[in-house]
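Written out below as structure tokens is the structure these notes cover.
The values are calculated or read from the model by the stated rules, or taken from the named source; none is laboratory data. Bear in mind that the values here come from a model prediction, so they are computed numbers and not experimental data. Reconstructed Cβ throughout: ideal geometry from the backbone, glycine too, with neighbour counts over all protein chains shown.
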């Protein structure tokens, strides 16, 4: 229980023990205020809601401590560290005491970030900071989360226009012959680039016509690691067009390592080398839209399945996504030639209705 000491004229020192047994103190000019403060402190301790407002931990210090305790995969940990180093450290909120940061300061920080970053990235940053302060609330370092209500720039997501089969074929023809099967395989299986580069001979079962996704290759091409999420570890149907491309690739280039796709020296591809150099050059040569990346082959795969009538749940499973709603938001579009299908659907419905109406009156 706390107590109050009179320290001269109109000075009252309230003393109490925090939940960790450390003595704390605060001075008041009125004894009644000191008494109310002690009552509030004891109530907060009993309720498990005690906050040490004198804690000197800064926002950036806690952010780094928080990130170090997350069970992140190496790639995610590196991305979070970069966000903290580049967009929290060195900004107006970095050295603010955690318990003193106000919502208005968070808003000003978010507005500053929106001047130099894309809206999607700002949203990711705010979400990260919100998670950090959620943990701080749970650790009883702050009373409430100041990142709950932040006005963010509007994010207009550009509509994805998936590549057509003819465009994918043109890309496969334009890329170096050693990489042609990589284009067909990614488009026919919907793989992430890391999953494509990690494919091994044992993952492909030509007899059962399946492909097992067990790993992804790190960006530097040095290590096979688990896929992005538990759902990403999956078995995919092997289409004939992919089986033929892989068989031809093996016949022409052989298999020097466990990996299906390697450079001319037998080494794994680095993602940047394949995507930014080899693939990008083939995009220009094939006359495809500027900015086309290997991920567009994944868009192609998902769109073909949706256009063919596959359920969103099935497409999510094939892509290794955690939830079908994300698939619907991202890939819920049709191939460019779907306008004719829409016209036929309406015309067919009205033709049938017209015949039924005519016969009913006849």
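Overview of results
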{"item": "Test: residue 169 is under 24 Å from residue 320 (Cα atoms), part of a helix (DSSP H, G or I) and assigned by TED's automatic domain parsing to the domain that holds residue 281", "result": "no"}
{"item": "Top-ranked residue in the range 10-19 [being at pLDDT 80 or above and assigned to a loop (DSSP other than H, G, I, E, B); ranked as nearest to the chain's Cα centre (by Cα)]", "result": "11"}
{"item": "Filtered residue count, the range 132-146, keeping only those that are part of a helix (DSSP H, G or I), surrounded by fewer than 20 Cβ atoms within 10 Å (Cβ to Cβ) and touching a residue at least 24 places away in the same chain (Cβ under 8 Å)", "result": "1"}
{"item": "Lone qualifier among 275, 309, 254 - being touching a residue at least 24 places away in the same chain (Cβ under 8 Å) and either crowded, with 17+ Cβ neighbours inside 10 Å or over 16 Å from residue 190 (Cβ atoms) (or both)", "result": "275"}
{"item": "Condition met for residue 108 (modelled with pLDDT of 95 or more and not in a helix (DSSP H, G or I))", "result": "no"}
{"item": "Yes/no for residue 183 being in contact (Cβ under 8 Å) with a residue 24 or more places away in the chain and part of a loop (DSSP other than H, G, I, E, B)", "result": "no"}
{"item": "Hey, residue 212 assigned to a helix (DSSP H, G or I) and surrounded by 14 or more Cβ atoms within 10 Å (Cβ to Cβ) or not", "result": "no"}
{"item": "Residue in the range 271-286 that is part of a loop (DSSP other than H, G, I, E, B) and touching a helix residue (DSSP H, G or I) at 6+ places or on another chain (Cβ under 6 Å) present", "result": "no"}
{"item": "Flag if residue 205 is closer than 19 Å to residue 79 by Cβ and assigned by TED's automatic domain parsing to the domain that holds residue 177", "result": "no"}
{"item": "All positions within the range 151-182 that are surrounded by 18 or more Cβ atoms within 10 Å (Cβ to Cβ) and within 24 Å of the chain's Cα centre (by Cα)", "result": "162, 163"}
{"item": "Extreme residue, nearest to the chain's Cα centre (by Cα), among residues of the range 111-131 that are under 23 Å from residue 72 (Cβ atoms) and outside any helix (DSSP H, G or I)", "result": "118"}
{"item": "Candidate set from the range 23-37 (those that are closer than 21 Å to residue 141 by Cα and at pLDDT 80 or above); member that is surrounded by the fewest Cβ atoms within 10 Å (Cβ to Cβ)", "result": "23"}
{"item": "Options 191, 196, 224, 217; residue that is buried (at least 21 other Cβ atoms within 10 Å of the Cβ), under 29 Å from residue 74 (Cβ atoms) and at pLDDT below 95", "result": "217"}
{"item": "Cross-chain or 6+ apart pairs with Cβ under 7 Å, the range 280-304 first and assigned by TED's automatic domain parsing to the domain that holds residue 232 and without any contact (Cβ under 8 Å) to a residue 24 or more places away in the chain, then surrounded by fewer than 19 Cβ atoms within 10 Å (Cβ to Cβ) and not in a loop (DSSP other than H, G, I, E, B)", "result": "293/275"}
{"item": "Residues of the range 227-237 satisfying the condition of being loosely packed, with under 14 Cβ neighbours inside 10 Å and in a loop (DSSP other than H, G, I, E, B)", "result": "229"}
{"item": "Where a residue in the range 86-113 is free of Cβ contacts under 8 Å to residues at least 12 places away in the same chain and its partner, wherever it lies, is part of a helix (DSSP H, G or I), with Cβ under 8 Å and at least six apart", "result": "none"}
